[in-house]
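Notes follow the structure.
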Amino acid sequence: MELNILTLCYLIGSVTFIIGLKMLSHPERARRGNLVAATGMTIAILGTIFLYKDDGGSRLHNYGWIFGGIFIGGIIGTLAAKKVKMTAMPEMVSMFNGMGGACAMLISIIEFNHLDHKYFQYLFHTKIDPIFLDQIKNDISDLKGTLIIIFAGLIIGSISFIGSMIAWGKLNGVIKDFSFKGQHVFNIILLVVILGIAGYMVAGTPNLFLFYAILGLSLLYGVFFVLPIGGADMPVVISLLNSFTGVAAACGGFLYNNEVMLTGGILVGAAGTLLTMLMCKAMNRSLFNVLIGSFGGSAEGPAAAKQQGSYKEIALTDAATVMAYANKVMIVPGYGLAVAQAQHACHDLEKLLVERGVDVKYAIHPVAGRMPGHMNVLLAEADVNYEKLIEMEQANEEFPSTDVVLILGANDVVNPAAKTDPSSPIYGMPILDVELAKTVIVNKRSMKPGYAGIENDLFFQKRTSMLFGDAKKVLQDLIAEIKNL
Amino acid sequence: MFIEYYTMNSILNWITIHQEMIYIVILMIFIGIEVIGRVPSVLHTPLMSGANAIHGVVIIGAIIVMGKAETDNYLALILGFLAVILGTLNVVGGFVVTDRMLEMFKKKRK
């Protein structure tokens, strides 16, 4: 009876994962989808704790340890998730992903130690009479299969764990980009060695020392896998590592013949992979390109060779005037807005302009900021009306009829080199065509390059002028000036 | 000759024993790809976060390991305990972060 209820719990869990994920891809139903999946997860977990019976028919014990662990993890997880700043969201996703990967890794370690090594020795080193082969061939293939699954969970879980922690560090700013010559060859060799040792153990005898060697090498590989990739590409890497952890979870599902782990794991593995490719498409770069960390080499070339050119600065009063008397203003937010935490000041400026009869909209580039949707989340936090945010394609149609474009801390997403310079690292990426507008005002802290590390021709164009300063202060000053008009 | 037959047989055996699981894997791959279908780029990050929470289902494996550990098996107890904590962090943290991201979107819908 209990096993039947447990089966039902797992069925419910699996279905809620599918439905929840589907709902998460529609803006109207996304929040409820999250809740649906969470409910199913809870049912599956509680069912496991109270109803699980192993092959021998005995229930789970050590309830103290189990609930203790859940309690500790629950408290820390909730606090961390609730307290973190909105701008630190991608890091948190990476961190929690790493936790999942580590969990899968630990499960593999424990299960490897559980394997009956004596039985292994007997099976793989004794010359077995063909008469008995039939009886134990199932055992042999099952054990070898189990071994392969354990290794898969170990390798994938470890790479995902350490890779996610490195990604977390990069987004934090704690870890810098690092690469050395021939790194890609080194990585490939490392991977081959790891798979080689694992294969050797599957064909021969499992060995504790070699097992921990694989663990160590996988962790090393994970580090060097993520280390050379630029911070701007982190969301793509995190999405990829996300699907890795999904596959590691599915390995756990195979180990325990657990359908809900298998469902959740493969679902995330497949969906995560597709999502990664969609993110790459939005940047118009291939996944291969991202993983090779191409920003490392080519940025030196174009940046060094370019002339500075001359740019104009605009005075605060002039900027205030031209915006206050405009018919239509488009604001282009970027990472600089998030860093300065200027979203509220931005909304105040928008409201002031709207009071004066100016049509104000926000042009949101898909990869503005540190993650897709970053700007939307930032502006929503400042209570900006959802309808004022328009997507890139629509914005590009409206720029010719726009009087003033105010760029707040955005750089690469408005860089014309993406259209004109084939040697540029961002070439081919769709951008916001702000140069079609009548006037462009760019707010930055200084002339330093943005994340791609390249110069931006937009700043030197005829209709562009620069307004230097911290975004929050500049916006507040603009507001004061407009009120004086 | 014997090795080839033995290996081929082992693989086919394994597939047969686990056929239902294999069906689940294949079907879930198609479903996973299908449900992501048309996602607006603005939802990429919350979706990634939601998927992140869902793969926290790996905690069930940790619970099973912990639940079956004998009192003298320190490795299983300690590592298992750690695994349960990490799995819970993935699940709870994942769903809460996703909810926070989505809460920001919904405020303006009147």
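Values in this text are rule-based calculations from the coordinates and carry no lab data. The shown structure was predicted, so the numbers you read here are calculated from the model rather than taken from an experiment. Cβ atoms come from the backbone with ideal geometry, glycine included; neighbour counts cover every protein chain shown.
With just the Cα atoms defining each centre, how far is region A:53-79 from region A:344-423? Give it in Å.
47 Å
So if R0 is 51 Å, what FRET efficiency would residue A:286 and residue B:72 give, r being the distance between their Cβ atoms, rounded to the nearest 0.05?
Efficiency, rounded to the nearest 0.05: 0.45.
Shielding by partners for A:392-405, please: the mean number of other protein chain Cβ atoms within 10 Å of each residue's Cβ.
Mean shielding by partner chains, rounded to a whole number: 0.
Residue A:445 versus residue B:23, label points 7 Å from Cα toward the beta carbon: distance in nm?
So the label points at residue A:445 and residue B:23 sit 5.9 nm apart.
Please sort A:5-11, A:474-480, A:161-167 by packing, taking for each peptide the average over its residues of neighbouring beta carbons within 10 angstrom, highest first.
Packing order, densest peptide first, comes out as A:161-167, A:474-480, A:5-11.
If packing is taken as the mean number of other Cβ atoms within 10 Å per residue, what is the order of A:397-406, B:68-77, A:239-248, highest first?
Highest-to-lowest ranking by the protection proxy: A:239-248, A:397-406, B:68-77.
Pull out the extension gain between residue A:142 and residue A:190, defined as 0.36 nm times the separation in residues minus the alpha carbon to alpha carbon distance; nm, one decimal.
In short, 14.4 nm is gained.
Which peptide among A:355-365, A:420-430 comes first, and what is the full order, when sorted by highest mean count of other Cβ atoms within 10 Å?
A:355-365, A:420-430
Starting with the fewest neighbours, write out B:86, A:143 ranked by other beta-carbon atoms found within 10 Å of each beta-carbon.
By the 10 Å Cβ count, ascending: A:143, B:86.
Placing +1 on the Cβ of each Lys and Arg and -1 on the Cβ of each Asp and Glu in region A:305-484, which of A:353, A:427, A:366 has its Cα farthest towards the positive end of the resulting dipole?
Comparing the listed Cα positions along the dipole, A:427 ranks first.
Let me check against my output: what whole-number percent is the relative contact order of chain A, with C-alpha pairs under 8 Å and at least 6 apart?
In percent, rounded to a whole number, it is 13.
Report relative contact order for region A:1-60 in percent, whole number only (criteria: Cα-Cα under 8 Å, sequence separation at least 6).
Here the relative contact order equals 39 percent.
Grab the DSSP H runs of chain B that are 4 residues or longer, score each as -39,500 (n - 2.57), total them, divide by all residues and round the 222 nm result to the nearest 500 deg cm²/dmol.
-24500 deg cm²/dmol
Can you give the average number of partner chain beta-carbon atoms within 10 Å of each beta-carbon in peptide A:252-259, as a whole number?
Partner-chain Cβ atoms within 10 Å, mean over residues of A:252-259: 5.
On C-alpha positions alone, give me the angle between the axis of helix A:30-51 and the longest principal axis of chain A, in degrees, nearest 10.
Its long axis makes an angle of about 20 degrees.
Tell me which DSSP H helices of chain B clear both cut-offs, 20 Å or more of axial length from alpha-carbon atoms and a mean Kyte-Doolittle hydropathy of at least -0.5.
B:2-17, B:19-36, B:74-88
Under 16 Å from a point placed 7 Å out from the Cα of residue A:178 along the Cα-to-Cβ direction: which residues of region A:211-235 have their backbone N that close?
A:219-231
Hey, what number do you get for chain A at 222 nm if only DSSP H runs of n ≥ 4 count, each worth -39500 (n - 2.57), divided across all residues, to the nearest 500?
So the calculated ellipticity at 222 nm is -20500 deg cm²/dmol.
For the protein assembly as shown, state the average projected area of the convex hull of the C-alpha atoms over all orientations, rounded to one decimal in nm².
Mean projected area for the protein assembly as shown: 29.2 nm², to one decimal.
In peptide A:82-90, how many Cβ atoms from other protein chains are near each Cβ within 10 Å, on average?
So the per-residue partner count for this stretch is 3.
Fewest Cβ neighbours within 10 Å first, please rank A:193, A:36, A:332 accordingly.
By the 10 Å Cβ count, ascending: A:193, A:36, A:332.
Determine, at each q value in 0.19 (inverse angstroms), the log₁₀ of I(q)/I(0) that the Debye formula gives when each Cα of region A:305-484 is one equal point scatterer.
For region A:305-484, the Cα-only Debye profile gives -1.35.
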